[in-house]
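Peer 1: The structure that follows is given in the form of structure tokens.
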């Protein structure tokens, strides 16, 4: 029977005073926010995916508490609340703001600077938290028995297990250690190949220019295990369509000169007579060094963008009934709770920030957007930017409410943020058209609105899970809300820096005339490209609609077959080198669960799934691999440290001794070993000291 508000008792009673909002909890949480914010930027730019940071941070907080911090359960809750803001804001930033680089107007890329990213990240993060203040009582408290908020409930179980003495940190730290050693061998010493690939020649009569490849990293393996075999399988299926159907077909039908002309049209080449670009075009021989990459950039990515746009929009349409009912019931609950609670003594666990904070904070946000200089936020004058601020508040109030309720039902990982952002962009563009704002100049203005709403909706989903955790363990809501504001601001400082450093082109890219690493195969940024494509299509009418519409109808076909199209569409857009190792991680989870079922072991309850040994180890792989990638990218951005890393590389020696193919197979062997370790951990029995108690 569902637990009601009247029967629910938090882990720490309201009348009990326990250390909570302390300096060490805020500082520790801020550090975790910076670390996991940077890791999320790296992962989202490469794979277009993110994983929740709340549980890893809670596990690390418990470990640090036992070692030397000596924090209480409520202090650990503040640590994970402050730190998790970095992950959600980073996701919103990466999913939208790289679009500045891909818009039609040449000056749009100027807005892809540290301070613009910083301002929009802070504004969006604060907006998401602000709008959740009046929703907490209606969604978290009043509907405690009907909205489970799975990640929030699981995180509360972690905190309670840590308080009761359960040793759950060991498995996550083991994954972190394995990922660290693997990343050292791969990214620094280059003992392990980073992306083994095996391709057919373009001149081959059967199946020309087909390529199988995998970026065999710990983070991709971990992500695949976390999202499971179903989603991972659909994701890689999109890659199979692109790399084993579209590319071989186009390679046998389209002449090299036509492909080169398309690349020039898209801006990858200055002209057909210019050498270089994706695939290594040679104007003398009229041939590509790598036909697969050339076709992927010229045609397949546009097909994938159309599929992602349609998949996101279809997802939004399917959730419209839920959106409308959620918004109505949430607004009704706010009004009702305001009347009921007027004369009641407010308990510690019911103390929210004042509704005045929401009103005044929203007004300040609108004024800040309007008064920002045009070098930071695009706009002709204060009036035009004031319209942007008003649109942000209007869309924000709606989609924050929607995001919070949806994640309460299906979890943050299934939150249709892309669909909400697409709807925001379409609505914003239609408003612009109504006031006759069309053309290149207004494209970055539309992206500002979409970017802030994406950040706000992502942060609202994470905030809801954090408030659910706090409700279960007995936290003080206003302290959590203040911690979320602090986490949003502090993590944004690091997120902008991480984005800009990862955007720095390598020496090889610079020689090819590439000015931004984001948008290349190194960091494809699929959602950012999609947002720019959508804005250009509506405001500037500058799209190859024949390719985009192919993607649209691929998504429609999948939906007619009863398959959720968004994951497949993302796989169609991303390189197969990204989706294949993710699929392997998902397959390992599927095999592990099949083996447990065959042995007659009981399946884990939904609230325990995130706390299984396989999931904790995979979380460590994701955190360790992503952090190692960020560190190496930072070091590579500076000439002296990059030269030092090059001296440590053993790639040339191994390639010379084993041969190029032997070196690649060595990398596959190492990846197989890591996958085997993940499988053994996932199928190992839980010891008594590691048992998670999720009872309330």
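Peer 1: In the set (i) 40, 31, 23; (ii) 50, 30, 19; (iii) 34, 31, 26, which value of semi-axes √(5λ) of the Cα gyration tensor in Å was calculated from the structure you see?
Peer 2: Answer label, from the structure shown: (i).
Peer 1: While we're on this one: Which whole-number percent is the relative contact order of segment 53-133 (Cα, under 8 Å, 6+ apart)?
Peer 2: Answer for segment 53-133 is 25 percent.
Peer 1: Arrange the peptides 577-590, 294-307 so that the one whose residues have, on average, the most other Cβ atoms within 10 Å appears first.
Peer 2: For the peptides 577-590, 294-307, the packing ranking is 294-307, 577-590.
Peer 1: What full-extension length gain, to one decimal in nm, is calculated for residue 170 and residue 545 as 0.36 nm per residue of separation minus the Cα-Cα distance?
Peer 2: 129.8 nm
Peer 1: Label residue 18 and residue 640 with points 7 Å out from Cα along Cα→Cβ: what is the distance between them in nm?
Peer 2: Here the answer is 4.8 nm between the modelled labels.
Peer 1: Just grab the label-to-label distance for residue 115 and residue 364, each label 7 Å out from Cα along the Cβ direction, in nm (one decimal).
Peer 2: In this crude label model, residue 115 to residue 364 measures out at 2.1 nm.
Peer 1: Quick check: pseudo-label points 7 Å beyond the Cα along Cα→Cβ at residue 274 and residue 553, how many nm apart are they?
Peer 2: My value for the distance between the label points is 3.4 nm.
Peer 1: When the chain is fully extended, how far beyond the present Cα-Cα distance does residue 207 get from residue 669, taking 0.36 nm per residue of separation?
Peer 2: 163.7 nm
Peer 1: For a quick check: sort 142, 356 by the number of other beta carbons within 10 angstrom, fewest at the front.
Peer 2: The fewest-first ordering by Cβ neighbours comes to 356, 142.
Peer 1: Now for a different question. Based on the Cβ-Cβ distance from residue 506 to residue 198, what FRET efficiency comes out when R0 is 35 Å, to the nearest 0.05?
Peer 2: The value I calculate is 0.90.
Peer 1: Evaluate the relative contact order of the chain (contact order divided by residue number), counting alpha-carbon pairs under 8 angstrom at least 6 apart; express in whole percent.
Peer 2: Once divided by the residue count of the chain, the mean separation gives 33 percent.
Peer 1: Please compute the contact order of segment 178-266 in relative form: average sequence separation of alpha-carbon pairs under 8 Å and at least six residues apart, divided by the residue count, as a percent.
Peer 2: Contact order relative to length: 25 percent.
Peer 1: Can you tell me which of 88-94, 259-265 comes out highest on packing, and rank the rest after it, using the mean Cβ neighbours within 10 Å?
Peer 2: 88-94, 259-265
Peer 1: Applying 1/(1 + (r/R0)^6) with R0 = 35 Å to the Cβ-Cβ distance of residue 434 and residue 261, what FRET efficiency is obtained, to the nearest 0.05?
Peer 2: With R0 = 35 Å, the Cβ-Cβ based efficiency is 0.40.
Peer 1: For 17, 211, which order do you get if you count the other beta carbons within 10 Å of each Cβ and list the fewest first?
Peer 2: Exposure proxy ranking, most exposed first: 17, 211.
Peer 1: With each run of n ≥ 4 DSSP H residues scored as -39500 (n - 2.57), what mean residue ellipticity at 222 nm is computed for the chain after dividing by its residue count and rounding to the nearest 500 deg cm²/dmol?
Peer 2: The per-residue figure over the chain is -21500 deg cm²/dmol.
Peer 1: Extent of segment 148-238 along each principal axis, from alpha carbon coordinates, in Å, largest to smallest?
Peer 2: Principal axes ranked by extent give 65, 37, 12 Å for the Cα atoms.
Peer 1: Sticking with this structure for a sec: Can you figure out the FRET efficiency of residue 351 with residue 252, using R₀ = 51 Å and their beta-carbon distance, to the nearest 0.05?
Peer 2: FRET efficiency, residue 351 to residue 252: 0.15.
Peer 1: Let me ask something additional. Work out how much length residue 284 to residue 374 would gain on full extension: take 0.36 nm times their residue separation and subtract the Cα-Cα distance, in nm to one decimal.
Peer 2: 27.9 nm
Peer 1: Would you order 454, 561, 429 from fewest to most other beta-carbon atoms within 10 Å of each residue's own beta-carbon?
Peer 2: Arranged by neighbour count, lowest to highest, 454, 561, 429 become 561, 429, 454.
Here, each number is a calculation from the coordinates, and none is a lab measurement. Just so you know, these numbers come straight off a predicted model, no measurement behind them. Every residue, glycine among them, receives a Cβ derived from its backbone with ideal geometry; neighbour counts consider all protein chains shown.
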